[in-house]
Structure formats: structure tokens, C-alpha cells
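Read-outs: derived from the displayed coordinates by stated rules, not from any lab. Computed from a predicted structure; not experimentally measured. A quick note on method: Cβ atoms are made from the backbone with ideal geometry, for glycine too, and the neighbour counts reach across all protein chains shown.
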Amino acid sequence: MVKAEDTTQEMETSFKKGAIWETLKSMIFIFGTATLTTIAVRNSVNPYIDKIWGASHDFWGRLWLGIYQLFGNNDFIVHNLGSAVMSCGCFIIFNALFFCCDVTGKPSWLLKYKVQEGQNQPVDQKKLWKCIKTCTFNWLVISPIFTLAMYFPSQYIGAYHKGELPTFERILYEFLIFSLVEEVLFYYSHRLMHTPGMYAKYHKQHHEWTAPIGITSVYCGKFEMVLSNLFPVAIGPMIMRSHLFVTWIWFALAIFTTTLAHGGYHVPFLFSPESHDYHHKTFNCWFGTLGILDKLHKTDRPFTDSIQSTRHFISFSLTPVSKLHPDPVNRSARPSCSQIKSD
């Protein structure tokens, strides 16, 4: 007679195999479709891309040469000091609007796009000041030390700082690799942070904000800042031996997207923050950036079963997604006696 435990184990194994196969099929379909589409349109579109990139290539090349000369034509200085200025500048610029609204409530039109309505309106000043101090330390101390540590390995592998910029196609290809590398490294480092021992020691601080704001993207301890925030983003450019110009664009994009993910506002025409905001709210799902590994490991639930998942898209409407996909009405709820009397 087969034991119930053995049967359950077999069912779980079968389920996992099925989930893996479904995920693989989805990935094959996505990348296969992208590849076929690229091949189909390449001959017709490529000449126009070449013209556009060719016209702007000289501009970006001259701009990079000017930046390189500004830092004394010195690889070490532009890699370390230049990267620090660029990343801090991007963090401040990308967070400025959200931060202003969180503190002052203005511009008021932005408030209707709040993901968790009523939260941080206004933000707690004591909690905010603590966050600012941690973020400042991470950007001005931890990040430069990490950048310095990455300089010599990058040089040894073959990353470069001067010379002609790569082609547009090459940049897109590198960005694809960067995204996949970040997905793998961030997902598993983030899952590691949610194990009981690691969470209590390292990650709990970041989750003090169950309704995050933009600057909380780097509100974390030193160890987590390196392992989960900097390392997953930096490894891709090192592997691809990327030009520093491309690395800076990638870093700026990474700062922009993580600001949106933590910002707390689902603004039209910008990336959706719904999945990561839900992660902060519930703690137990959606650990990656692209969602590929979350689907594979079934950690996309309970987010995929929530109303928030129906709002997880780039909106091209000025109407807030919370109005386009409102919370379901609780039909089982009955009015209180006082409500009936008042009616």
C-alpha cells in the first residue's frame, strides 16, 4: 500500500516539473518571438537605425570625450569619481519629484497615482530622517568603495573607458545580458535575504517601510547594499567588458527603475511599481526584477492572485490604474445599525 506521504511527495514533484516546463515554454515563446521578429524587421528597420544612431553617435562620442577630459583623461579617476558623481546625481534627480510630494503633498496631481492610498501622506519625519542618513552613507561611502574594488578586476577583464563607442545593436545586446544577469543575481540574493537568519540580521531594516518611497531603494545595511543592490547591477558590464559609457547608462537605468519600484506612485507612461510595492506590503512574494524566476519558483503568488496584479502594466491613460481596476466590492459586508438608522 502506498503511503499518503509518498503520494503527496510525488504530486509535489510532478507539480514542480510541470511548473518548470510551463516556465521554459513561456521563455522559449518570448525569446523565440523576439528573435523571429528581430530577424523579420532587421533588413527594413536596420538602415533607419543606422542613420539615427550614426547621426547621434558623433554627438555622444564628443560628449563622452568631454567627460573623459574633464576627469583628466584618467581611467582611474573617471571610473571612480566620475561614477560616484553620476550615480549620486541620478539618484537625486530621479527621486526629486516623488520626495517633494511625499514631504509637502505637492504637486497635488501626483497624489491620485499613489499605490497605497493614504500611506506616507505626509511621510513620518523621524522615519524619513533616519532613511536619509542611511541612504547618504550608502551612496557616499559604500558605493564608492565597491566601485573602487571593481576597478582593477574590470580593467583586467578588458572593460574600457576611452575609444569609439559601441554600435547601437551592441548596446542593446549588452543590455539584454545585463538584465538577465541582474534577474538571476538579484532574485537569489533577495531570496537569501528572506531566509529567517538573514532577514532578521540584514533585511528587516529595508522592510520597515511596508509602503516604500523612492529613496528607500537603498535604505539597507552595508552588506545588503553590496550583495543585493550593487553586485547584481555591476556584474553584467564586467562580464561583457563594456565601455564605461554603456555602464553608466545601465546604472542610470537601474537607479531609475528601482526608484520607480519603490516610489509608491503608479505614474502614467512609466514602469509599474505594483509588484515590488506588493512585496513590501506582504513580504512573501515577487523577489526578482523581471518576474522570470518568480514564475519559475512560483514566488509570483499571491501577487498574481491579487487585484494589484491587474494593475501591473505601463498605463497610457491619465486615469489612475486604481480607478481602471478598482478594489473588489465586499458584498458580504453588511451595514451597521448606526448606518441603517442614519439612512
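Subtract the Cα-Cα distance of residue 148 and residue 125 from 0.36 nm times their separation in residues, and report this length gain in nm to one decimal.
Here the answer is 4.9 nm.
Subtract the Cα-Cα distance of residue 137 and residue 231 from 0.36 nm times their separation in residues, and report this length gain in nm to one decimal.
Length gained between residue 137 and residue 231: 32.1 nm.
Between their Cα atoms, which of 222/295; 106/126; 126/204; 201/295; 114/201; 106/222 are more than 23 Å away from each other?
Where the Cα-Cα span goes over 23 Å, the pairs concerned are 222/295; 201/295; 114/201; 106/222.
In nm, to one decimal, how far is the residue 85 label point from the residue 316 one, both placed 7 Å along Cα→Cβ?
Spacing of the two 7 Å Cα→Cβ label points: 3.9 nm.
Note the full-extension length gain between residue 323 and residue 271 as 0.36 nm times their separation in residues minus their Cα-Cα distance, in nm to one decimal.
Separation in residues times 0.36 nm, less the Cα-Cα distance, equals 17.0 nm.
In whole Å, what are the Cα extents of the range 74-210 along the three principal axes, biggest one first?
The principal-axis extents, from largest down, are 50, 40, 29 Å.
Between the DSSP loop rule and a limit of at most 14 other Cβ atoms within 10 Å, which GluC sites (Glu not before Pro) in the range 121-202 are left?
Answer in residue order: 164.
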